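Every number in this text was worked out from the coordinates using simple rules, so none of it is lab data. Since we're looking at a predicted model, the values are computed, not measured. Quick reminder, even Gly has a Cβ in these numbers, built from the backbone with ideal geometry, and neighbours come from all protein chains shown.
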Amino acid sequence: MTLSRDTKYIKSIGGRVSVIGMGTWGMGGGFWTPDYSNDEGWVKALRRGIELGMTLIDTAEMYGGGHAEELVGKAIKGFPREELFIVTKVWPNHARYDDVLRSARASRERLGTYIDLYLLHWPAPDVPICETMKAFEKLIDDGVVRFVGLSNFDVDGIERARQCFSKYDIAAVENRYSLLHRVDEASVIPYVQRNGMLYLAYTPLEKGEFANNEFLRGIGRKYGKTAIQVVLNWYIGIDNLVPIPKAGRIEHVEENAGAMGWRLSKEDWDAISNHFRRV
């Protein structure tokens, strides 16, 4: 059985990923602080998302002090591992060589499986970037992770990191991007596309900002879709980009999944793009 029915090919990983992923910030706790109050609900939401084809899951060691990773580990049990794409991140205060290795192995333990994509969560100004990247190479060599990348980096930072590698390369960048936050369109997104990398867009729904947008609702009526489904489908239309909306509740996961399996017309895609340039 193929879980991901709507996918896009990413050259840097030599394979396909679901066109929409699932984010886990706020699930299992907050900034280094675990919360066990809704574990069953969070796991159910993630499992439902996987069933609906959102097989890319993004998490981090910082989310709930690792508890979000534990929830992901529980949620993926029973699904074909090769059809999942698990992303996690190391916090910058763990960016030293030995700390990176420890953090990655701890994340693998909590997830109960290897890591498909391992990211440096934010730049670490006190640690030479090549020290972190050398640790990333070691993790690939040891089979702890398959690919590595960066989060919250600009093009200059990505270039500096790429120069550190002797045999691998940056496979992905994860930055904030939405119709209301389009800074990366001028730099990082074109760079990622030229280099065949994956671009993961976090906060794509701006915490519900689009849900009641009348312009998006109007377009959605033509397709029988909600405003949220329209905006997520707009992101799908960008080469190499995968949005990762939060997957905290089953009803939200099901709505997000409804953005897959169809496409906006070019006319509507352009109209949305132009409308939000004026906002």
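Once label points are set 7 Å from the Cα along Cα→Cβ at both CYS130 and LYS222, what is their separation, rounded to one decimal in nm?
Roughly 5.3 nm, to one decimal.
For n ≥ 4 DSSP H runs only, could you compute -39500 (n - 2.57) per run for the chain, divide by its residues and tell me the 222 nm figure to the nearest 500?
The helix-only estimate for the chain comes to -11500 deg cm²/dmol at 222 nm.
Report which label in [x] 73, 41, 31; [y] 86, 38, 35; [z] 54, 41, 35 holds the value of Cα extents along the principal axes in Å derived from the coordinates of this structure.
The calculated read-out lines up with [z].
Please give me the summed charge of the neighbours of ASN93: other residues whose Cβ is under 14 Å from its Cβ, Lys and Arg +1, Asp and Glu -1.
Net charge around ASN93: -2.
What do you get for the angle between helix 129-141 and the principal long axis of the chain? Use alpha-carbon atoms, 0 to 90 degrees, nearest ten.
Taking the Cα atoms of the chain, the angle to 129-141 is about 90 degrees.
Where the centroid of each part is defined by its Cα atoms, how far is segment 175-224 from segment 33-93 in Å?
Comparing the Cα centres of segment 175-224 and segment 33-93, I get a distance of 23 Å.
How much length, in nm to one decimal, is gained on full extension between ARG16 and ASN93, taken as 0.36 nm per residue of separation minus their Cα-Cα distance?
Contour length minus the Cα-Cα distance gives 24.5 nm.
Of all DSSP beta bridges in the chain, what percent run antiparallel (nearest 5)?
Antiparallel bridges make up about 20 percent of those DSSP assigns within the chain.
What FRET efficiency comes out for the pair TRP262/ASP35, r = Cβ-Cβ distance, R0 = 35 Å, nearest 0.05?
That pair, TRP262 with ASP35, gives E of 0.45.
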